[in-house]
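Here the structure is laid out as structure tokens; the discussion comes afterwards.
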Amino acid sequence: MIGFEKIEYWWYLLATLILAGYLLYKGKHLRDLFTKKLDATTVKKVFPNLSINRWFLKIALMIMGILFTALSLLNPQKGTETMTVKANGVDVYLALDISNSMYAADIQPNRMERAKRLCQDIIDGMVGNRVGLIYFAGNAYLQMPISPDKALAKNLIEAAGPQQAGNQGTDIGEAIKIAMKTFDDNSVKNRVFVVITDGEDHDENAIEEAKKAKDEGLNIFAVAIGTESGAKLILPDGDGVYDESGQLVITKSNPKLVKAIADKDNDYYINSGTSNVANDIIAKINNMASGPVKTNAYAQRRSFFQWPLGLGILLISIGYFIPLYKSKKA
């Protein structure tokens, strides 16, 4: 079945049809003028060798050519097919801590912005891999399932913040559970979970869930962000976060928790002097033994706009070069 992708260009086709109708109407009047109202001898003297039939043929071919070129603007398509594509790659979940403590400015500009930058750098550096996003604070939720759409992932990360958190805390364990439930069944041997957090609230459940997931083949990278000396927690609007005694909360990073969660040699600590963490993680992910990743493609339709376009140009060209006058006989 033939369909059209650019239906917004229907008015071009409509305008061409109106023009065709107008020219044919005027052509009929012209023919009546030459054949019925004017004397044949007079016509022959004034317009020697003029062929009305050739005029009609010339105009008809050019109108048909314009119709076909207008039709090509609609991008006619035929056939539909949903394909399952398998490619080698690694499925990577980025789990981002969006709790208020990530606004601490013990590293510049603050923990949240450095974490976002890290996520985006990792996405930019991945080759042939798919990415998903999980956000967590006091609870965790799936922001974006595993997908090849890296541009969307970067846009979502840019908009991430504590305003998206249901309540405060650091529920890394729930983030790991979500990842394990939503990974593609065909990617058992190439699953990666990268968690970026200040780890402020010690989460014993996270360590337990990480161990279970690693036993099932999950590769865990963990990044602690912030400093162990910490900083007073001031939100972007300038309001401070106070404890029960009325003192400004001082939030401190917890790299020990991160080390306990990660695979051996896959734990990182970003403080004011840290660099190249993204490059190290990217290199390890890209060097992993990748397996087949199943990607369900969108329905594919084959475009054939070039056929009406080519035919239209041909008809216009033929019509243009058809002479209106018959050759003079010697």
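We did not get these values from a lab; they are worked out from the coordinates using the rules stated. Bear in mind that the values here come from a model prediction, so they are computed numbers and not experimental data.
Estimated at 0.36 nm per residue, the fully extended path between TRP307 and ILE250 surpasses their Cα-Cα distance by 13.6 nm. Subtracting the Cα-Cα distance of LYS28 and LEU14 from their residue separation scaled by 0.36 nm leaves 2.9 nm.
Across the stretch 218-234, computed HN-Hα scalar couplings (Karplus, 6.51 cos²θ - 1.76 cosθ + 1.60, θ = phi - 60°) run 6, 8, 10, 10, 9, 10, 8, 10, x, 10, 6, 6, x, 7, 5, 8, 10 Hz from first to last residue, x flagging Gly and Pro. Grab every C-alpha pair in the stretch 85-295, bin the distances at 10 angstrom width from 0 up to the longest one, and report whole percents. Histogram of Cα-Cα distances, whole percents per bin: 9, 38, 37, 13, 3, 0. Distant-in-sequence amide contacts of SER147, defined by a placed amide H-H separation under 5 Å and a gap of 5 or more residues or a different chain, comprise VAL131, GLY132. Straight-line cross-link partners of LYS150 among the aspartates and glutamates, defined as a Cα under 13 Å from its Cα and at least 8 positions apart when in the same chain: ASP91, ASP121, ASP124, GLU158.
With contacts defined as alpha carbon pairs under 8 Å and 6 or more residues apart, what's the relative contact order of the stretch 85-295 in percent? Relative contact order comes out at 28 percent. In order along the stretch 61-70, the phi-based Karplus estimate (6.51 cos²θ - 1.76 cosθ + 1.60, θ = phi - 60°) of 3J(HN,Hα) comes to 5, 5, 5, 4, x, 5, 4, 5, 5, 5 Hz; Gly and Pro are listed as x.
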